[in-house]
Structure formats: C-alpha cells, structure tokens
Amino acid sequence: MRDKREGVPRQLVGLEISWTDVEKLFDDVGLAPQIPGTASRTAVPLYYGGEQAGKATTTSWSPLLKKMLALGSVKTECAQLGTKLQMELTAEAVRHTVTATIVAMRFYNPARKTAVPV
C-alpha cells in the first residue's frame, strides 16, 4: 500500500544499446566488435547525468532485431521511455561507457500476434 501511495524507488526497464557506440569503442582499441554468444547476467552500472542511476542486469544480442538489448533496474525518475543512459562496457580489460536508451519492454511485438481474423 505504501508503494502504491508513495511510488517505488526503482523500475525495471528495457534498454537498447547503441551499436554505433559499441563499434566505435572496439574500433578505438583496434578490435572487431564483440557480439556475445549468450546472455550476460553480470550486473553493470548505468549512469544518468554523471551519477549511477541503476544497473543493467541482463545483456544480450538479439539476432532477430539485430540489436544489443538489456534489462535494467533504474531509479524511477530516470525510467521514462527515450531516456538516454550511459552503460559500462569492457573492451581490452578497460571499462568504457556506451549509450543505452530506455525502450518499451516488449522489444518485439508484431501486429499479427494479436490480429483477429475478419
């Protein structure tokens, strides 16, 4: 009841990682971009305005959407769709940041899935 009345401090959000940032990051260190073969369940920090706003809990490459996606837990004030966060990514054993945009949780929801026959 308290959460309903006062709101919750954190929200679960969907994140789309900027592939352009990932490519540039790996290009800067002289490597080809690394596409993870399996989902990474290592929590990595998410930053908003230079301060930690939460963490990405699961990160994976989507072969269907051709995008790098993640689930994250962030402060409620940073959880609006379209908010751009910075996410840590490691290349050559050095931590860097890439842009992660908050997107709708259903990463893929085709119209045919809910279509009604006429």
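The values are calculated or read from the model by the stated rules, or taken from the named source; none is laboratory data. Since we're looking at a predicted model, the values are computed, not measured. Virtual Cβ from ideal backbone geometry, glycine too; neighbours counted across all protein chains shown. Calculation scope for accessible area: heavy atoms of the full protein, side chains included, ligands and nucleic acids excluded. Shrake-Rupley method; radii C 1.70, N 1.55, O 1.52, S 1.80 Å.
Could you check the stretch 95-118 and list, in sequence order, the residues that are open to solvent by 50 Å² or more (accessible area, probe 1.4 Å) and at pLDDT 90 or above? Break it down into steps so the answer makes sense when it comes.
Of the residues in the stretch 95-118, the ones open to solvent by 50 Å² or more (accessible area, probe 1.4 Å) are 95-97, 104-109, 111-118.
Scanning the stretch 95-118 gives ARG95, HIS96, THR97, ALA104.
Counted as qualifying within the stretch 32-118 are the strands (runs of 3 or more DSSP E) with 3 or more residues that are farther than 27 Å from GLU6 by Cα and touching a Leu at 6+ places or on another chain (Cβ under 7 Å), namely 51-62, 84-91, 94-103. Within the stretch 30-39, restricting attention to residues that are of a type in the set (A, V, I, L, M) and surrounded by 10 or more Cβ atoms within 10 Å (Cβ to Cβ), the residue that is modelled with the lowest pLDDT is ILE35. Look at VAL8 and say whether it is in contact with a Ser or Thr (Cβ under 8 Å, 6 or more places away or on another chain), hydrophobic (A, V, I, L, M, F, W, C) and crowded, with 16+ Cβ neighbours inside 10 Å. Answer is no for this residue.
Among the residues making up the stretch 40-85, a single one is open to solvent by less than 90 Å² (accessible area, probe 1.4 Å), under 10 Å from ILE102 (Cβ atoms) and without any contact (Cβ under 8 Å) to a residue 24 or more places away in the chain: GLY82.
With the requirement that a residue be open to solvent by 50 Å² or more (accessible area, probe 1.4 Å) and farther than 16 Å from LEU89 by Cβ, what does the stretch 11-29 give you? Listed by number, the residues that qualify are GLN11, LEU12.
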